[in-house]
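The values are calculated or read from the model by the stated rules, or taken from the named source; none is laboratory data. Since we're looking at a predicted model, the values are computed, not measured. Heads up, the Cβs are rebuilt from the backbone with ideal geometry, glycines too, and the neighbour counts pull from every protein chain shown.
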Amino acid sequence: MTDPVLGEGLVFEGSLSLEWQEAPLPDNAELARWNADGAQLLGAEASLEEARSHEALKEESPALAHELQRLEFKLDILLRLTAELAIHHSPLPSPRTVRLSSQGLEWIGADGPRVGATGIASVYVNRALPQPLRLPCRVIDERRVGEQRTVRLRFVGLSDGVVEGLDRLIFRHHRRLVAGARHAPE
């Protein structure tokens, strides 16, 4: 059975910095800008996570492969320093326990938004990129498990590029969890 918020398929479960701003859903022009920014952000995040393998290049030109590795190292340092400065100037919001899919998210905790509200969930998908992924959504329901409140938000108006980027982000996270479980001591 398909979940009405999270859809079907893999789901990211963990802690992410997240903010909520109650607001009307964006108009088409603003939504197009947010989708373009979101696709670009998710693409940048994916490039940070790529395995940097230059095996074929090492065989053809070891000096060029070494130089590329050196440049990547320098860029990583520059990116980390820039992110630290940005976070120092404007700290990331507190991490929240979430379940995230390309269709919506579950915000676990008492501080989630009210049911029926529309607004923007700003999700920080990578601390090295302190820019939020702005996701317009509608709060469709909430549920309680014991004392724990879970608010369910469905995304509205995401482009195919943003949906695909979120799916890839979630898949990479899942792949890392599986790899970590394989290498964990028994």
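Tabulated data for the structure shown
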{"read-out": "Looking only at the range 121-145, and only at residues there that are among the hydrophobic types (A, V, I, L, M, F, W, C) and crowded, with 18+ Cβ neighbours inside 10 Å, the one that is farthest from residue 165 (Cα to Cα)", "value": "139"}
{"read-out": "Qualifying positions in the range 14-43 - crowded, with 17+ Cβ neighbours inside 10 Å and of a type in the set (A, V, I, L, M)", "value": "16, 18, 31, 39, 41, 42"}
{"read-out": "Qualifying positions in the range 103-120 - touching an Asp or Glu at 6+ places or on another chain (Cβ under 6 Å) and over 18 Å from residue 31 (Cβ atoms)", "value": "115"}
{"read-out": "Some residue of the range 84-96 being modelled with pLDDT under 95, of a type in the set (A, V, I, L, M) and in a strand (DSSP E or B)", "value": "no"}
{"read-out": "Out of 68, 25, 31, sole residue that is at pLDDT 85 or above and part of a helix (DSSP H, G or I)", "value": "31"}
{"read-out": "Within the range 135-155, tally of residues that are hydrophobic (A, V, I, L, M, F, W, C) and in contact (Cβ under 8 Å) with a residue 40 or more places away in the chain", "value": "5"}
